[in-house]
Structure formats: C-alpha cells, structure tokens
1. Run down the lysines and flag those whose C-alpha is under 18 Å from the C-alpha of K156, throwing out any fewer than 8 positions away in its chain.
2. How much accessible area per residue does the range 16-65 have, in Å², with a 1.4 Å probe?
3. Under 5 Å between amide hydrogens, which residues at least 5 positions from Y78 or on another chain qualify, with H placed 1.01 Å from N in the peptide plane?
4. So what is the accessible area of the range 390-475 per residue, in Å², with the probe set to 1.4 Å?
5. Could you work out the percent of alpha carbon pairs in the chain separated by over 30 Å, rounded to a whole number?
6. In whole percent, what relative contact order does the range 192-338 give with Cα contacts below 8 Å and a gap of six or more residues?
7. Under 19 Å Cα to Cα from K420, which lysines show up? Leave out anything in the same chain fewer than 8 places away.
8. How much accessible surface area, in Å² rounded to 10, belongs to the heavy atoms of H198 with a 1.4 Å probe?
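The values are calculated or read from the model by the stated rules, or taken from the named source; none is laboratory data. Quick caveat: nothing in here was measured; it's all calculated off a predicted structure. Every residue, glycine among them, receives a Cβ derived from its backbone with ideal geometry; neighbour counts consider all protein chains shown. Heads up: the accessible areas ignore ligands, DNA and RNA and are worked out on the full protein's heavy atoms, side chains in. Shrake-Rupley method; radii C 1.70, N 1.55, O 1.52, S 1.80 Å.
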Amino acid sequence: MPPETRRFVGREAELRLLTSFLARALDGEGGVCFVTGEAGTGKTALLGEFARQGQDLHQDLVLAIGDCNAQTGIGDPYLPFREILGLLTGDVDGQLAQGRITLENANRLRGLLAKSGRALMEHGPDLIDIFVPGGAILTRISARVAERLPWVEGLKKLHAKRGAMGTLPRVSDGTAGMEQHHIFEQFTNVLRSLAREHPLVLVLDDAHWADTASLGLLFHLSRRIKGERILLIGAYRPEDLKIERDGERHPLDPILSEVKRYEGDVWIRVGDQEEGEGRALIDALIDAEPNDLGPAFRQALFEKTRGHALFTVELLEAMKDRGTVTQSREGRWMAEGGVAWDELPARIEGVIEERINRLGDDERELLAVAAVEGEDFTAEVIAGVLGIANKDAVRSLSGPLQTRFEMVNARGIDRRGPRKVSRYAFRHILFQEFLYQTLDPVKRALLHESLAETMEDLFREDLDSVTVQLAHHLE
C-alpha cells in the first residue's frame with residue numbers, strides 16, 4: 001500500500017468540514033475549530049491531507065504546527081506556541097526531518113523569515129529570547145537573506161543587551177495577570193501582522209497534554225483572531241479530558257465550553273462512524289493497490305478492527321511483514337494460507353494497553369470478568385461472579401467505564417423470563433480480546449466456570465435463552 005494511502009483514506013466528510021473553516025478564514029473572518037477522536041482514528045492523517053490540499057490550492061497559505069508533550073506538557077510553559085513561532089521564523093529542519101511538515105511548507109516558512117522577524121521586532125519584542133531565540137533568528141537571517149534589513153540591527157542590539165545581563169530571560173507560565181496578558185497581546189499582534197500578507201493555519205496537536213499557559217493563550221487567540229486570515233486548529237483525544245489533573249477538572253475542558261458558548265459547534269469528530277463507513281474504509285485501504293483479497297478476508301478484517309484506521313492499517317502491515325499477505329508476480333496482494341487474526345502488532349497493543357492501564361484495580365477486575373463473558377455481557381452476571389451488588393456493577397459500567405474511560409457502551413435492558421438484565425458491550429472488540437489474553441489459563445478456566453454457575457442460577461427459570469453461552473463457558 002502506498003505511504004500516501006496509508007496516511008489518509010476515507011475521511012472526505014471531515015476534510016470538507018475543515019476546508020469550510022479554512023474558506024471562512026481566507027475570507028478574513030478568522031476562526032477556531034477542533035479535531036477530536038481517539039488514538040489512532042486518523043486525526044493526524046486528516047490534518048496532513050488538509051494541509052497538503054490547502055497549500056496546493058492557495059499558494060500563499062502558511063501552516064505551523066505546535067506539539068504538546070505527554071512527558072513535559074504541564075511543566076513546559078507555552079511549548080506548542082514556542083514551536084509555532086519557531087517555525088514562523090524559519091526553524092523548520094527538525095519538523096521537516098520528522099516528516100511533520102512537507103518540503104513545500106518548509107520552504108514557505110523559510111521564505112517568511114524576513115517578514116516574521118520584522119513582525120517580532122515591531123509587535124512582539126518581549127517574545128524574543130523567551131518564545132524564540134534571537135541569536136538563532138540572526139543566524140538564519142545571515143544565511144538566507146542577503147539584503148540589509150532595518151529591523152536586524154535592532155534585533156542584534158536587543159539580543160546583545162539581554163546577553164550582557166548574564167542570562168537571557170526565561171519563559172514562565174505567566175501567573176501574574178498583567179505579564180500573561182502582555183504576552184498574549186504581543187503574540188496575537190505578531191500573528192495579525194503576518195496574516196495581512198499570508199493566511200495562517202496554526203495547529204495545536206495533542207492539546208489534551210498542553211500546559212495551562214498554552215491553553216490560556218489558545219482561548220485568548222480564539223477570541224482575538226476574528227477578522228483576521230487565521231485558522232486556529234486544536235486536536236485532542238476526548239477520553240483524555242476525562243482524566244483529572246491534581247484532582248481537578250482537566251484545564252482544557254472549561255475552555256472548550258467557553259469556545260462552544262461563543263463559537264457554536266466548531267468540532268470535527270474523527271472516528272464516529274457507522275458500520276458501513278468502517279467497511280468502506282477497509283475497502284478503500286485494500287483497493288488502493290491491485291489485490292485478490294475477497295469478501296471473506298475483508299469481513300474478517302472488519303470484525304477484528306471495526307474499521308478503526310490505526311488498527312486496520314497496522315494489522316494489514318503486520319500481515320505483509322509476516323508473509324500471510326503476499327504479492328503475486330503480477331503485483332496483486334493475496335492471503336497465503338491461514339491468517340493469524342489473534343496476533344496483534346505491537347503498536348495496536350500499545351494503544352490498547354495505554355487505555356487499560358488507566359483503570360483502577362476494581363474496574364480492571366470487573367472488565368476482566370466481562371471479557372471472559374464475551375464482547376457483549378450483562379452487568380448482573382458480572383456482579384454475581386464478583387459477589388457485588390447489581391447496582392454497584394451498573395454504577396461502574398454506566399459511570400466511569402462508559403463516560404470517563406470509554407471502554408464500554410450500554411446496550412439496554414433485556415427481559416429473560418421474569419428477570420430484567422442490563423446489557424453492555426465493549427467499545428471495541430480488541431479491548432475485550434486484550435483483557436482476555438492477559439488472564440492465565442487457570443484464571444480463565446475458573447472464571448468460565450463461575451460464569452456458567454452464575455448464569456445457571458440467574459436464568460434458572462429461562463435456561464433455554466442462555467444455552468449457547470452455557471455450553472461455551474462449560475467447554
């Protein structure tokens with residue numbers, strides 16, 4: 001499968017929405033929008049394709065991406081905006097080498113250096129040596145710009161003066177209200193100045209890991225770029241917003257509420273797809289190259305991945321690496337012999353394990369029993385095996401496991417004879433399979449036995465409705 005196909009496929013509706021936000025920004029309305037979705041659902045691929053198409057259509061469009069860091073995020077003030085300002089002042093080599101930006105975009109950013117340096121000196125001098133090193137700008141200017149520019153002498157003097165003080169100023173979180181507002185205004189004015197000559201697309205990736213100062217600047221910009229040719233895009237995982245910081249609400253959450261109050265629905269949700277859309281994504285991935293992978297293979301792949309973009313791509317690539325999917329002499333992909341559907345690539349396991357490791361011991365134990373019952377399970381059966389009250393099982397499943405951790409979905413209430421039972425399902429079958437595989441053979445056997453005994457007792461007046469399940473567990 002060609003790399004460009006692996007990066008982006010089946011996201012036309014989301015792409016059109018992003019393009020509509022860009023059109024408004026290009027018309028001078030300015031604006032903010034958010035791209036959301038679980039890990040691996042295709043947010044980065046969507047933004048990459050959006051950037052490529054946008055720059056193909058608009059020769060003066062400039063894109064800058066700032067990454068929020070999971071390890072240093074909250075302790076590294078303004079990190080994504082320092083990266084953005086670095087890119088706007090020509091510091092492109094690192095992101096170009098990582099494949100975060102294209103060569104075309106890197107060249108546009110390099111060509112912006114003279115204008116961005118002037119904008120900094122005129123509108124954001126206090127950001128120099130705090131958000132972006134003045135010495136690095138001077139080095140890049142001397143290497144790329146032959147003409148003498150008036151603002152360069154001012155930058156040299158400013159940088160030399162600060163260096164002579166012994167230490168250059170240090171970035172802080174701007175906890176003092178006046179200092180933070182001053183930083184916000186200067187950053188905004190620099191962007192406004194640049195946008196008069198080049199429309200800007202600014203992306204904050206993994207915004208759920210952003211430090212508090214960056215989130216404050218994000219909200220400030222969302223209010224102050226109206227009437228400018230600037231589109232500000234935040235990408236985040238909604239499940240991460242349900243994880244508290246220091247026992248308090250995630251700091252991005254109230255900002256999103258405020259943005260919604262002022263801007264309305266400016267969200268593009270990636271991964272919220274119906275079954276038919278998941279199958280369409282699988283077909284598009286497979287049919288990107290000549291193949292003889294028929295309906296049975298495609299259905300099995302869908303049942304395994306449910307059309308999840310990362311899981312589907314990684315599983316296909318792993319099959320090719322193992323040689324279970326090979327290319328014929330004519331260049332057509334085909335499945336050789338039995339396909340090992342139970343072998344998960346390391347990257348898929350990493351995504352799933354990261355989600356499950358967030359669970360508390362009680363929640364993980366509950367889901368482990370549920371995983372033995374199957375992809376679909378009942379709260380009352382799980383409660384019986386664990387020896388807890390039915391209402392406690394329902395409270396946990398419909399509470400944090402569904403709303404905070406997004407591991408399960410409530411399916412509804414069924415009547416089995418005189419009893420009513422609460423039905424749930426794992427949000428993705430791979431969660432269930434991963435949890436099942438973490439149990440050793442003895443633990444699995446004991447849980448299967450306990451499930452059978454509990455079901456026999458719970459449904460004793462209507463055993464015919466669970467005959468198949470009983471046979472499975474007793475076997």
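1. K115
2. Using a 1.4 Å probe on heavy atoms only, each residue of the range 16-65 averages 38 Å².
3. Hits under the 5 Å cutoff: D211, A213, S214.
4. Here the residues of the range 390-475 average 56 Å² of exposed surface.
5. 56 percent
6. Relative contact order, the range 192-338: 18 percent.
7. K391
8. 40 Å²
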